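K.L.:
Before we start, here is the structure in question, set down as structure tokens.
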Amino acid sequence: PEESRTSPLDMDLTVSLGDKVKMTGFGLKGALTGKMQVWAKPGREMTANGGLEVSGRYKAYGQDLTITRGNLNWNYNAVSAPRINIRAERRIG
């Protein structure tokens, strides 16, 4: 059966990340900052507005990359579908 993305919750939640939120996993070792508002209504998919910034290092395909730009943005769209704008570079030298 197909997994439902609807929520059983009724909520209005503000998520505000300070400068000490660290994340490690899936090849990422870095930090998250920013603020977003998350809404849920029973039987509907969760939506969000706001943005998070990602910084740090990313390891992929045997390469060590530095995140030079990292943004996840929501504009009243589904929590599961952020706009992703990330650039990771390998520094030589």
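K.L.:
Gain in length, Y61 to K41, computed as 0.36 nm per residue apart minus the alpha-carbon separation, to one decimal in nm?
P.N.:
Values: separation 20, 0.36 × 20 = 7.20 nm, distance 3.99 nm.
Between Y61 and K41, full extension yields an extra 3.2 nm.
K.L.:
Tell me, what HN-Hα J-couplings in whole Hz come from the Karplus equation 6.51 cos²θ - 1.76 cosθ + 1.60 at θ = phi - 60° for each residue of segment 29-37, using x for Gly and Pro?
P.N.:
9, x, 10, 10, 9, x, 8, 8, 10
K.L.:
In Å², what does the accessible area per residue of segment 42-93 work out to with a 1.4 Å probe?
P.N.:
On the way: 3640 Å² over 52 residues.
Result: 70 Å² of accessible area for each residue.
K.L.:
OK, next. Pick the calculated Rg and Dmax of the Cα atoms in Å for this structure from (1) 13.6, 41; (2) 15.7, 54; (3) 19.9, 57?
P.N.:
Answer by label: (2).
K.L.:
OK, next. In the chain, how many lysine pairs have Cα atoms under 24 Å apart, counting only pairs 8 or more places apart or on different chains? Don't skip to the end; give the middle numbers.
P.N.:
On the way: K20/K29; K20/K35; K20/K59; K22/K35; K22/K59; K29/K59.
The number of close lysine pairs in the chain is 6.
K.L.:
Continuing with this model, one more query. Rounded to whole Å, give me the distance from the Cα center of segment 76-93 to that of segment 10-41.
P.N.:
Distance between centres, Cα-based: 14 Å.
K.L.:
Please state the charge dipole magnitude for the chain, taken about the Cα centre, from unit charges on C-beta atoms (+1 on K and R, -1 on D and E), reported in debye and rounded to the nearest 20. The partial results should precede the final answer.
P.N.:
On the way: 14 positive and 9 negative charges, 99 e Å.
Roughly 480 debye, rounded to the nearest 20.
K.L.:
Under unit Cβ charges (Lys, Arg +1; Asp, Glu -1), what dipole magnitude, rounded to 20 debye, does segment 44-93 have relative to its Cα centre?
P.N.:
Values: 8 positive and 4 negative charges, 30 e Å.
Around 140 debye, computed over segment 44-93.
K.L.:
Quick one: pull the percent of accessible area on segment 17-93 belonging to carbon and sulfur, 1.4 Å probe, ligands and nucleic acids left out. List each step's numbers first, then the result.
P.N.:
Values: 2820 of 5320 Å².
Accessible surface attributable to carbon and sulfur in segment 17-93 totals 53 percent.
The values are calculated or read from the model by the stated rules, or taken from the named source; none is laboratory data. Small disclaimer: the values here were computed from a predicted structure and weren't measured. Backbone-built Cβ (ideal geometry, glycine too); neighbour counts: all protein chains shown. The accessibility values were calculated without ligands, DNA or RNA, using every heavy atom of the protein model including side chains. Shrake-Rupley method; radii C 1.70, N 1.55, O 1.52, S 1.80 Å.
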